[in-house]
Amino acid sequence: MDEIITEIEIDASPDAVWTVLTDFESYPEWNPALEIEGEATEGERLQVTTDYENTRPMTFRPTVLVVNEPTELRWQGRLFVPGLYDGEHRFVLTALDEGERTRLTHAETFRGALVGFINRRIGSDVKAGFNQMNEALKQRVELR
């Protein structure tokens, strides 16, 4: 598995979803899968801690690659050195119903020598974590 792709539809505008998605300080209030320190700014190094079910929490320091408000947030992280296990994480917001609703695509593309080994062990748990976060984001945005 070299790519994990999840989607969810949210009954709110892309702007409303973007506001919650990029408010990293508020993640502990609603997000069961990620904690993020830093700013959604291109070139910024974030500190991201994943806490997916059935896996150990893991902290890494990805670099923000794309911030295109309110349609895309993308970062790249690495395990130790480039080429070993690299992940490009993305959130893409697509307006639906004339901007009244949003499709969130939450995905990650993996590259490197250890991708097959690592993703066979934790890939399904990571995908479940993405879906768990998607549901929590949907609830948070729709209740605002």
For region 79-121, enumerate the residues that are under 23 Å from residue 47 (Cα atoms), over 15 Å from the mean Cα position of the chain (by Cα) and assigned to a strand (DSSP E or B).
111
Looking across region 25-40 at residues that are part of a loop (DSSP other than H, G, I, E, B) and not polar (S, T, N, Q), the single one that is least open to solvent (accessible area, probe 1.4 Å) is 33
Single condition residue 141 does not satisfy, out of (1) surrounded by 13 or more Cβ atoms within 10 Å (Cβ to Cβ); (2) farther than 21 Å from residue 19 by Cβ:
(2)
Which residues, taken from region 41-53, are in contact with a strand residue (DSSP E or B) (Cβ under 8 Å, 6 or more places away or on another chain) and open to solvent by 30 Å² or more (accessible area, probe 1.4 Å)?
41, 42, 43, 44, 45, 47, 49, 51
Note on region 68-97: residues of a type in the set (A, V, I, L, M, F, W, C), free of Cβ contacts under 8 Å to residues at least 60 places away in the same chain, open to solvent by less than 30 Å² (accessible area, probe 1.4 Å) and in contact with a helix residue (DSSP H, G or I) (Cβ under 9 Å, 6 or more places away or on another chain) are 73
Please work out which one of (1) farther than 30 Å from residue 80 by Cα; (2) of a type in the set (Val, Ile, Thr); (3) at pLDDT below 95 is the condition residue 141 fails and give its number.
(3)
Does region 54-67 contain at least one residue that is open to solvent by less than 40 Å² (accessible area, probe 1.4 Å), in a loop (DSSP other than H, G, I, E, B) and over 24 Å from residue 140 (Cα atoms)?
yes
Out of all the residues in region 48-57, is one or more under 14 Å from the mean Cα position of the chain (by Cα), among the hydrophobic types (A, V, I, L, M, F, W, C), modelled with pLDDT of 95 or more and under 26 Å from residue 144 (Cα atoms)?
yes
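The values are calculated or read from the model by the stated rules, or taken from the named source; none is laboratory data. All values reported here derive from a predicted model rather than from experimental measurement. Neighbour counts run over all protein chains shown; Cβ positions are idealised from the backbone, glycine included. These accessible areas exclude ligands, DNA and RNA; they are computed on the full protein's heavy atoms, side chains included. Shrake-Rupley method; radii C 1.70, N 1.55, O 1.52, S 1.80 Å.
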